[in-house]
């Protein structure tokens with residue numbers, strides 16, 4: 001009976017010793033150095049929904065993958081309709097410190113503008129984003145992948161796809 005009671009504590013100690021290298025590599029003892037792999041969560045205003053968007057992502061060292069989406073109001077004086085959108089970003093970090101990250105990214109997005117014309121926008125492009133003590137801004141330009149039936153200058157503007165997000169994003173580093 002005494003022998004069996006030691007098995008569980010010994011197993012727990014053994015598991016703790018074996019798992020130390022798994023978490024210690026990503027959790028440096030020097031807290032001034034940022035972690036290399038960590039999640040990001042936040043709330044921004046702007047694209048893709050033309051309103052409030054939630055952001056969730058993960059940093060894999062120099063690469064960050066992020067998804068955002070939300071709902072907004074595509075208010076066009078005669079037509080008050082709800083817009084919604086989703087966007088995916090894949091970025092490469094130019095700088096990365098505990099409180100600041102700057103990166104260039106590729107993005108793809110889809111926006112449904114409700115009853116307005118055009119009613120759908122889908123595009124891809126590149127942008128620059130900056131994290132500064134939780135404040136987040138992303139600005140980019142791309143091309144619209146869906147055909148539009150606009151004419152003149154509106155047709156040229158319909159080719160462009162903009163990315164603008166401003167808000168608060170917390171980096172769990």
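The values are calculated or read from the model by the stated rules, or taken from the named source; none is laboratory data. Please read all numbers here as calculations on a predicted model, not as lab measurements. Neighbour counts are summed over all protein chains in view; Cβ atoms, including those assigned to glycine, are modelled from backbone coordinates with ideal geometry.
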Q.
Based on this model, can you work out whether residue 20 counts as in contact with a strand residue (DSSP E or B) (Cβ under 8 Å, 6 or more places away or on another chain) and either modelled with pLDDT of 80 or more or surrounded by fewer than 16 Cβ atoms within 10 Å (Cβ to Cβ) (or both)?
A. no
Q) Here is a list of conditions, (1) surrounded by 14 or more Cβ atoms within 10 Å (Cβ to Cβ); (2) at pLDDT below 55, and residue 3 meets all of them except one; can you say which number that is? A) (1)
Q. Within the set of pairs 6+ apart or on separate chains, which have a first residue in the range 90-104 that is without any contact (Cβ under 8 Å) to a residue 12 or more places away in the chain, a second that is in a strand (DSSP E or B) and surrounded by 12 or more Cβ atoms within 10 Å (Cβ to Cβ), and C-beta atoms under 7 Å apart?
A. 94/102; 94/103; 94/104; 95/101; 95/102
Q: At least 1 residues that are in contact with a helix residue (DSSP H, G or I) (Cβ under 8 Å, 6 or more places away or on another chain), buried (at least 18 other Cβ atoms within 10 Å of the Cβ) and modelled with pLDDT of 80 or more in each: list the strands (runs of 3 or more DSSP E) lying fully within the range 106-173 that qualify.
A: 135-144
**Q.** Neighbours by Cβ (under 7 Å, 6+ apart or cross-chain): first from the range 45-61, on the phi > 0 side of the Ramachandran plot and free of Cβ contacts under 8 Å to residues at least 12 places away in the same chain; second in a strand (DSSP E or B) and crowded, with 24+ Cβ neighbours inside 10 Å
**A.** none
